[in-house]
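No value in this document is a laboratory result; all are computed from the given coordinates. Quick caveat: nothing in here was measured; it's all calculated off a predicted structure. Don't worry about glycine lacking a Cβ; one is built from the backbone with ideal geometry, like all the others, and counts go over all protein chains shown.
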Amino acid sequence: MKAFRIFFRSIRDAFKSVFRNFSLSMASILCATITLMVVAISLLIAGNVNSITKDLESELSIVVYLEESAKEDDISFLESKIKAIKGVEEVIYKSNEERELEMSEYSSSYATIFESYEDSPLLNTFIITVDDAEKLNSIAEEIKVMDNVESALYGENSVDTIVEAFSFIEKVTIIVVIALVFVTAFLITNTIKLAIYARRSEIEIMRLVGASNMAIKLPFVFEGFIIGILGSFIPIIIIIYGYIIIYEKMGGHIISNIVNLINPYNFVFDVGIIILLLGAIIGMFGSLNAVRKYLKI
Amino acid sequence: MKFIELKNVNKTYSTGVTALADMSVVIDKGEFVFVIGHTASGKSTFIKMLYREEKPTKGSVVVGGVNVAKLRNGRVYKLRRKIGVVFQDFKLLPKLTVYENVAFALECLGMKEKEIRPKVMKAIEIVGLKEKVRSFPHQLSGGEQQRVCIARAIVNEPKLLICDEPTGNLDPETSKEIMKVIDSINKDLGTTVIMATHDKDIVNRMKKRVLLIEHGVLTGDYLKGSYKSHESV
Ligand SMILES: Nc1ncnc2c1ncn2[C@@H]1O[C@H](COP(=O)(O)OP(=O)(O)OP(=O)(O)O)[C@@H](O)[C@H]1O
Ligand SMILES: [Mg+2]
């Protein structure tokens, strides 16, 4: 019962003191707003970089050319063998006729060439996509030595460098986001520390009259929570509207039609929730950390 | 009846200053005791030992049957609930009214609103500040602010009231009135009072037990009324 009263009173007092110490609260809220804004934007960028990288990677595939002598049984046996390789995502069979048709559609000059042949000059193929572009090379090598395989090709050298560049960019964005989260935590914690420094006499009095440490900490923890939540409102609104507008203005992609932006619905809301949680958690722990200093009896 | 007992207490601060040396004293329930001595003699250190703001380096400090020296940090608050403390600087919260400042002490403890109200009103009445319950500290005189502090210190009906120079910032007239309040708390409520002070007049006039501390050593313990205006204070 007593614990409940302390709990609810802490919530009430937290709201009260956010308003009573308005200028201090405002400083903390503004600090949270600015830093969380930066984190929110970096999350949007990182999310898109990641998705673009994944998109481009998935465009990369291995083409396996089958020997002309391969029978239907051999082909299906080979297909199951390729499917069993770790990292292979999809194996699509394309017969020479299908490929002829595709190429003829692409350019009529191909069609003319194909017409001059009795049998198709093309080989049957498997088009293989892998789950990670970095595995292209090793998987291609593995397939090359299988029976009935004439050759297994992917972009080789040029693709390798692109893949490396992608995974580098991916790692950099992740590190930047993590670093920004830490900087944010540090900045918010420190503004809260300053705000609580101004109220150390309040803590001193609470200790003096015999408030338990828990009863002293709780209102400050709730206050940090409120400040974190209030501080995350503006960044969340800005990124939701901002991203939707940018997405629509750009028609959903940048540079060319194959480089797609992430669809805003769900994505911006997910980022918004992350920012809200980040604000609340950093606010709470920031306050807790700041109060603790004054509780050493 | 024994209420406070210090046995061979030593206090050396981390700076190497020895503020108290081999101090032993017994204070009974309901006593009124002045603690006097020059500046830096160790009065505040003695007082801080009682409510466990400082731990003795050596010796034992027993308050109400509890050895305060051995009390774990996490349990100190239980001791504090039985002790009221008043200081020279009032330590009031500037944004709370008189009522709220006094009620704050009980709210921190998780007491019910219904129980808080009569206790707070009673404490405010004892210190004679009924007309000012809705005032803020900056609207009060120094003497009135000190009354609020006393009300806050006694609102939870502590067995012990500790005052460290409560009249230090007040003029003689106001000091007298504050002393009347403290004296009546001692007499009417039976609260044990320990008060450190520099004020000769108060000590000479009130004829209470006096502890004299010099350079951290208890050099005099004058029983009630036996203290005759000491030159050195
Ligand atoms: N927290 C502390 N750390 C280190 N030294 C301290 C601390 N508190 C007090 N002292 C030292 O201990 C000695 C006694 O100080 P104390 O405050 O007990 O004196 P006092 O009798 O209350 O003086 P005053 O009459 O001026 O209030 C002084 O030399 C002081 O400098
Ligand atoms: Mg002192």
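Within segment A:1-58, the set of residues being within 14 Å of chain B (Cβ to nearest Cβ) and among the small types (Gly, Ala, Ser) comprises A:Ala3, A:Ser10, A:Ala14, A:Ser17, A:Ser23, A:Ser25. Just one of (1) part of a loop (DSSP other than H, G, I, E, B); (2) away from chain A (no Cβ under 14 Å); (3) more than 16 Å from ligand 2 (Cβ to nearest atom) fails for B:Met179. It is (1). Residue check: A:Ser151 meets all listed conditions (1) without any contact (Cβ under 8 Å) to a residue 40 or more places away in the chain; (2) within 13 Å of A:Ile62 (Cβ to Cβ) but one, namely (1). The single condition among (1) in a strand (DSSP E or B); (2) away from chain A (no Cβ under 14 Å); (3) within 16 Å of ligand 2 (Cβ to nearest atom) that B:Cys163 does not satisfy is (2). Residues in segment B:20-54 that are among the charged types (D, E, K, R), within 12 Å of ligand 1 (Cβ to nearest atom) and either part of a loop (DSSP other than H, G, I, E, B) or within 14 Å of chain A (Cβ to nearest Cβ) (or both): B:Lys48, B:Glu53, B:Glu54.
The listed residues are B:Ile178, B:Ile162, and the only one of them that is more than 16 Å from ligand 1 (Cβ to nearest atom), crowded, with 17+ Cβ neighbours inside 10 Å and either under 17 Å from the mean Cα position of the chain (by Cα) or among the aliphatic types (A, V, I, L, M) (or both) turns out to be B:Ile178. State all residues of segment B:75-112 that are touching a strand residue (DSSP E or B) at 6+ places or on another chain (Cβ under 6 Å) and within 7 Å of another protein chain (Cβ to nearest Cβ); if no residue qualifies, say none. Within segment B:75-112, just B:Val85 meets the criteria.
Here B:Gly190 passes the criteria (1) within 14 Å of the chain's Cα centre (by Cα); (2) more than 14 Å from chain A (Cβ to nearest Cβ); (3) touching a residue at least 60 places away in the same chain (Cβ under 8 Å) except the one numbered (1).
Restricting A:Ser58, A:Ser76, A:Ser42, A:Ser69 to those that are more than 27 Å from the chain's Cα centre (by Cα), part of a helix (DSSP H, G or I) and either more than 30 Å from A:Phe225 (Cβ to Cβ) or not basic (Lys, Arg) (or both) reduces the list to A:Ser76.
Give segment B:6-19 a look and list any residue that's farther than 28 Å from B:Asp183 by Cα, surrounded by 14 or more Cβ atoms within 10 Å (Cβ to Cβ) and more than 6 Å from ligand 1 (Cβ to nearest atom), or say none. Working first, answer last.
Going residue by residue through segment B:6-19, those that are farther than 28 Å from B:Asp183 by Cα are B:8-19.
From what is left, the residues that are surrounded by 14 or more Cβ atoms within 10 Å (Cβ to Cβ) are B:9-12, B:18-19.
B:Val9, B:Asn10, B:Lys11, B:Thr12, B:Thr18 - these are the residues of segment B:6-19 that are farther than 28 Å from B:Asp183 by Cα, surrounded by 14 or more Cβ atoms within 10 Å (Cβ to Cβ) and more than 6 Å from ligand 1 (Cβ to nearest atom).
Restricting A:Ile216, A:Ile275 to residues that are of a type in the set (Val, Ile, Thr), crowded, with 16+ Cβ neighbours inside 10 Å and touching a Lys or Arg at 6+ places or on another chain (Cβ under 8 Å) narrows the list to A:Ile216.
Each residue in segment B:16-56 was checked for being touching a helix residue (DSSP H, G or I) at 6+ places or on another chain (Cβ under 9 Å), under 19 Å from B:Lys200 (Cβ atoms) and more than 12 Å from ligand 2 (Cβ to nearest atom), and 2 of them qualify.
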